[in-house]
Amino acid sequence: MEENQPTLMDLIQGDDFFQRVLVVESSPYIELLRERFPNAEIFLVTDDESEAEKYSHQVKTFFMDYRKTRLPFEEEFFDAIIGDFTLETVYSPEDIAAGFSGYLKQTGFFLTSFRNLRHWQVLKQLMNGHFEHFVEKLYTRKDFEKLMTASFYKFVSFMARTKKAPPEILNKLIECGFENFSEDLETEIFLVRAERSTPEVALLKSLYTPEIRAELSRLLHRIEYDVDAEENVKTLAEFCAANEIFGDYLEDFVKEAVFHKANFYANLRKFLE
């Protein structure tokens, strides 16, 4: 990890909490995670036998190739999965990314990185008739965002690691028609945080148990579709009181879960009095 450049750790936010985190082929993050989340269970997946042996006494280590073998974890097991360049040397990046998504909790996220196909050094190689990345997949930011969306991630954010171009090369690329939006031509690596849910939905899912959310959703849909609406409005009020579901939370939940909002609120006004 280079000094004075951001790493995947910089994408971890102040209110993030890790109970279990998976490190994929990126063992330098283990000590950093241990310092920041001393009570978290850390798991390491690596196909480097020496790395597996080195960390086997510190974390739960699995000696395997994640690109070829299904990981031995339950669904929604991890709060986060972290690994640099995890989708650059895989046969089907969408399958790997979607597989990781399945191991994440509804409030979890995937931290990874990729080399920018539009970086000036890559473009310079191409202009000179050379390209060294034959066994790697390079992406543009737009391509990677599409990949994450297709792999069931709901919210994706990026952070750039830059390597400045000599002015004459940068000007030449711009003259050739390459747009340098947001200094994209000088971004060597993109760091990515791909979240299983949108921040708003993640907040909704973090406050109450899956069983409470499932029952709340069932009641809302019954009211929405006029299924014993009067009885279910009464049940909803009792359920919210019993589980201390506050008004703002319920309103946000309705925004996310209810499609026919006008009919839902009409029944609520009619039978809540």
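Given the options 107, 86, name the one that is buried (at least 16 other Cβ atoms within 10 Å of the Cβ), part of a loop (DSSP other than H, G, I, E, B) and polar (S, T, N, Q).
So the residue among 107, 86 that is buried (at least 16 other Cβ atoms within 10 Å of the Cβ), part of a loop (DSSP other than H, G, I, E, B) and polar (S, T, N, Q) is 86.
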Qualifying residue in the stretch 164-172 (condition: on the phi > 0 side of the Ramachandran plot, in contact with a helix residue (DSSP H, G or I) (Cβ under 7 Å, 6 or more places away or on another chain) and surrounded by fewer than 19 Cβ atoms within 10 Å (Cβ to Cβ)): no
Restricting the stretch 30-63 to residues that are in contact with a Ser or Thr (Cβ under 8 Å, 6 or more places away or on another chain) and among the hydroxyl-bearing types (Ser, Thr, Tyr), the residue that is farthest from residue 110 (Cα to Cα): 55
Conditions (1) surrounded by 14 or more Cβ atoms within 10 Å (Cβ to Cβ); (2) under 19 Å from the mean Cα position of the chain (by Cα); number of the one not met by residue 17: (1)
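Can you go through 123, 111, 173 and tell me which one is in the same structural domain as residue 13 (by TED's automatic domain parsing) and closer than 17 Å to residue 191 by Cα?
Step by step, each of 123, 111, 173 is checked, and only 111 is in the same structural domain as residue 13 (by TED's automatic domain parsing) and closer than 17 Å to residue 191 by Cα.
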Matching residues in the stretch 20-36 - criterion: being over 18 Å from the mean Cα position of the chain (by Cα) and farther than 23 Å from residue 158 by Cβ: 27, 30, 31, 34, 35
Residue 121 vs. criteria part of a helix (DSSP H, G or I) and farther than 24 Å from residue 197 by Cα: yes
Filtered residues of the stretch 180-211 (kept if over 14 Å from residue 117 (Cβ atoms) and either in contact with a Cys (Cβ under 7 Å, 6 or more places away or on another chain) or charged (D, E, K, R) (or both)): 183, 193, 195, 196, 200, 205, 211
Any hit, the stretch 38-46, residues being under 27 Å from residue 163 (Cβ atoms) and either free of Cβ contacts under 8 Å to residues at least 60 places away in the same chain or buried (at least 18 other Cβ atoms within 10 Å of the Cβ) (or both): no
Residue in the stretch 180-191 that is over 26 Å from the mean Cα position of the chain (by Cα), assigned by TED's automatic domain parsing to the domain that holds residue 143 and of a type outside the set (Ser, Thr, Tyr) present: yes
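The values are calculated or read from the model by the stated rules, or taken from the named source; none is laboratory data. Predicted, not measured: the structure shown is a model, and the values here were computed from it. Every residue, glycine as well, gets a Cβ built from its backbone with ideal geometry; the counts of neighbours run over all protein chains shown.
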